[in-house]
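For reference, the structure discussed in these notes is given below.
The values are calculated or read from the model by the stated rules, or taken from the named source; none is laboratory data. Bear in mind that the values here come from a model prediction, so they are computed numbers and not experimental data. When we count neighbours, we look across all protein chains shown, and the Cβ atoms used for this are built from the backbone with ideal geometry, even at glycine. Note: accessible area is taken over every heavy atom of the protein model, side chains too, but ligands, DNA and RNA are not part of it. Shrake-Rupley method; radii C 1.70, N 1.55, O 1.52, S 1.80 Å.
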Amino acid sequence: MRPAAKLFAKLIRGAGARVALVFALSAATVFAHVAPAPQRRARGRTQRATATRTRAARPSAEVRAAVARVSADSLRGHVSFLASDALEGRNAPSRGLDVAAEYVAAQFRRAGLEPAGEAGSYFQTATLTSRREPGVTYQSRNVAAVLRGSDPALRDTYVIVSAHYDHVGVRETAEGEDKIFNGANDNASGTAAVMEIAATLASLKRRPRRSILFVAFTAEEKGLLGSRYYGQHPLVPLEKTVAQVNMEVLGRTDDSEGPQVGTLAVTGFDYSEVGETLRAAGEQVGVRVYKHPTNSDAFFARSDNEPLAALGVPAHTVGAAFMYPDYHRAGDHWEKLDYANMERVVRAVTLGVYTIANDAREPRWLDTNPKAAAYARAWRERRGK
């Protein structure tokens, strides 16, 4: 019999069951602290991993203050310019889209971001062949900039924050006097959010550990052509790209299913860990980030996240309303957006992006979901795993 067991037996005989019970509880606590070394090491690894995730989920006072500066007025200013009649609906290609590209580049330059395009510029020029118009090519530009990360070991890995900045242009056959399809919600709203998040995170004294690539894609309305071109000609290595958060239709809350105030839907919510990270970020700023029971999966392949997801990058699109009045109509004007709500949801995305970029552990596809299997397989193939 071991010494501790002998002592316990003696106490039972001499002091009664009640005292022995107290001793037993105390002994259990002591013995737990002197567990075998392999158990202690395993428990330590678990505790350290949990602590890392906890730190990632609890932003510093500086980060919280920066997120709070996301402004409805700033978002309104961006959207009202991009969706003005002067840009003639931003068809790809068009003079109006070129003006929009220069505007986005100017905002990246103003925030102090590094150019990520060709020849030291903010532009990636692509010759595109439309899937909807066979035989027809468009030469157009993606706009891209980098916020360099702060961690020497992680700064060469990237999170992509994106939105498409084109729309469908002028349609002379449209009913009524208004022939310009301004595309305020689709997708000047997402483009404005990209610029606002870039400026917000660039203002931090201590930047996130990973780098963030901000991209405004062209020709989404022609069949995701700008993002498909990017996937074939990435500006940063795809195997070093840990996630993509793409933004669409963030401004309208008058969803066909009812008002969507203080909510943010994620396509393919449970395909990867990105969805849960965004949900936790939304909780901290009072936004419900959720999976729509049908549309979250149905819309996964319908925006600029899909080309990168197909190449293995955990990539999702977030939006406030899936369907709303004036979708792809001339009435999608900047005055109809709910900028106070847009401020809230962009704050949620900003915090979610920061969390992913600052976490040493990169998000993974969820193999338990069969709908994510092909994307997870592409990720393993790209990583050689």
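Being of a type outside the set (A, V, I, L, M), at positive phi and modelled with pLDDT of 95 or more is a property that GLY223 has. Yes or no: GLY149 in a loop (DSSP other than H, G, I, E, B), farther than 15 Å from GLY226 by Cα and free of Cβ contacts under 8 Å to residues at least 40 places away in the same chain? So GLY149 does not fit the description; no. Could you look through segment 163-214, keep only residues that are of a type in the set (Ser, Thr, Tyr) and farther than 25 Å from ARG141 by Cα, and pick out the one that is farthest from the chain's Cα centre (by Cα)? Applying the filter and picking the extreme gives THR173. Consider only pairs whose beta carbons are under 8 Å apart and that are at least six residues apart or on different chains; among these, list those whose first residue lies in segment 369-385 and is under 16 Å from ASP297 (Cβ atoms) and open to solvent by less than 70 Å² (accessible area, probe 1.4 Å) and whose second residue is among the aliphatic types (A, V, I, L, M) and in a helix (DSSP H, G or I). These pairs meet every condition: TYR375/ALA309. The C-beta contact set for segment 110-127 (first residue closer than 16 Å to VAL99 by Cα, second residue part of a loop (DSSP other than H, G, I, E, B), distance under 6 angstrom, 6+ apart or interchain) comprises PHE123/GLY117; GLN124/GLY117. Considering only residues in segment 96-139 that are of a type in the set (Phe, Trp, Tyr) and assigned to a helix (DSSP H, G or I), the one that is least open to solvent (accessible area, probe 1.4 Å) turns out to be PHE108. The set of residues in segment 340-356 that are hydroxyl-bearing (Ser, Thr, Tyr) and open to solvent by 10 Å² or more (accessible area, probe 1.4 Å) comprises TYR354, THR355. Here ALA310 clears all of (1) touching a helix residue (DSSP H, G or I) at 6+ places or on another chain (Cβ under 8 Å); (2) over 17 Å from VAL159 (Cα atoms) except the condition numbered (2).
PRO307 meets all of the listed conditions (1) modelled with pLDDT under 95; (2) open to solvent by less than 60 Å² (accessible area, probe 1.4 Å) but one, namely (1). Evaluating THR50 against the criteria (1) outside any helix (DSSP H, G or I); (2) modelled with pLDDT under 95; (3) open to solvent by 40 Å² or more (accessible area, probe 1.4 Å) leaves one unmet condition, (1).
Name the residue that is most open to solvent (accessible area, probe 1.4 Å), counting only residues in segment 53-84 that are in a helix (DSSP H, G or I) and at pLDDT below 95.
Applying the filter and picking the extreme gives ARG55.
When ASP98 is tested against (1) in contact with a strand residue (DSSP E or B) (Cβ under 7 Å, 6 or more places away or on another chain); (2) among the charged types (D, E, K, R); (3) closer than 22 Å to LYS222 by Cβ, just one condition goes unmet, and that condition is (1). From the list LEU147, LEU87, the one residue that fits, being under 26 Å from the mean Cα position of the chain (by Cα) and either open to solvent by 60 Å² or more (accessible area, probe 1.4 Å) or modelled with pLDDT of 95 or more (or both), is LEU147.
Residue count for segment 281-303 satisfying the condition of being of a type in the set (A, V, I, L, M), assigned to a helix (DSSP H, G or I) and open to solvent by less than 30 Å² (accessible area, probe 1.4 Å): 1. Considering only residues in segment 272-320 that are among the polar types (S, T, N, Q), touching a residue at least 40 places away in the same chain (Cβ under 8 Å) and in contact with a strand residue (DSSP E or B) (Cβ under 8 Å, 6 or more places away or on another chain), the one that is nearest to ARG344 (Cα to Cα) turns out to be THR317. Name the residues in segment 328-385 that are acidic (Asp, Glu) and either touching a Cys at 6+ places or on another chain (Cβ under 7 Å) or in a helix (DSSP H, G or I) (or both), would you? Within segment 328-385, GLU335, GLU343, GLU381 qualify.
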